1. Once you put a point 7 Å from the Cα of B:GLU51 and another 7 Å from the Cα of B:THR77, both along the Cβ direction, what distance in nm separates them?
2. Answer with one residue from B:LEU40, B:LEU107, B:SER27: the one whose Cα lies farthest towards the positive end of the charge dipole of chain B, charges on Cβ with Lys, Arg +1 and Asp, Glu -1.
3. To the nearest 20 Debye, how big is the dipole of chain B about its Cα centre, given +1 on the beta carbon of each Lys and Arg and -1 on that of each Asp and Glu?
4. Applying 1/(1 + (r/R0)^6) with R0 = 25 Å to the Cβ-Cβ distance of A:SER52 and A:ARG19, what FRET efficiency is obtained, to the nearest 0.05?
5. Taking beta carbons within 10 Å but only from partner chains, what does the mean come to for residues A:93-104?
6. For the protein assembly as shown, what proportion of DSSP beta bridges, expressed in % and rounded to the nearest 5, is antiparallel?
7. Among all the lysines, which ones have a C-alpha under 30 Å from A:LYS98's C-alpha, if same-chain residues fewer than 8 places away are not counted?
8. Can you tell me which of A:ALA100, A:ALA92, A:ALA24 moves the most in a GNM of chain A? Springs connect C-alpha atoms under 10 Å apart.
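Please treat every number below as a calculation from the coordinates, not as lab data. What you see is a predicted model; the values in this text were computed from it and never measured. Every residue, glycine among them, receives a Cβ derived from its backbone with ideal geometry; neighbour counts consider all protein chains shown.
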Amino acid sequence: EVQLLESGGGLVQPGGSLRLSCTASGFTFSSPVMSWVRQAPGKGLEWVSAISGSGVSTFYADSVKGRFTISKDNSKNTLYLQMNTLRAEDTAVYYCAKNAGLSTIDYWGQGTLVTVSS
Amino acid sequence: QSVLTQPPSVSAAPGQKVTISCSGSSSNIGNNYVSWYQQLPGTAPKLLIYENNKRPSGIPDRFSGSKSGTSATLGITGLQTGDEADYYCATFDSSLWFGGGTKLTVL
């Protein structure tokens, strides 16, 4: 059974940093593309970032490019999202997600809430 | 702003059928697969349809997907109160894009 478990969310001041983690199990973690998707309160889904199975290739939404860094440790089955220079508009539930092709996410974590506020 | 357009809300009575549209363009839906997700209140999204019309294991055949040109449609038959949720379409257009979401109310 595929499981994705996020951690690391919390309250942070504008301009601050936070690192999210996602521990995966139930599949070969080094194979698929993995993504982070976020959902602001009362809003829709927004893709944030993705990383290839090997970790060599990374991709970012324009809204976070230059501020967020995605990475993974295949030896620990863990996906990360380092978030710097956080803004109020980054407030959202962040989901760790397993991709199945360019247009599909087949498994989602339960999400972790990030609140950027003074 | 998403590249995919969905109606904000749809409604129908229990037992009836409803369709949810997802409109895009040739750069996204026109040349890529579409997937659909169900998000029940307070929970993470769940994959309903992938590659336009395929259902993952465990998804009942009351849910169906189709694509024509630059638009896609999710159909739900035999509506149940438990189907009340937000539904999102998604496709690729230089990155993964989600529609704005459609809130389904089962009256």
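1. Modelled inter-label distance: 2.2 nm.
2. B:LEU107
3. In total the dipole reaches around 140 debye.
4. Details: r = 20 Å, r/R0 = 0.80.
The pair A:SER52/A:ARG19 has a calculated efficiency of 0.80.
5. Neighbouring Cβ atoms belonging to other protein chains average 5 per residue here.
6. If I count the DSSP bridges inside the protein assembly as shown, around 90 percent turn out antiparallel.
7. Qualifying lysines at Cα under 30 Å: A:LYS43, A:LYS65, A:LYS72, A:LYS76, B:LYS46, B:LYS54, B:LYS67, B:LYS103.
8. In this elastic network of chain A, the residue with the biggest mean-square fluctuation among A:ALA100, A:ALA92, A:ALA24 is A:ALA100.
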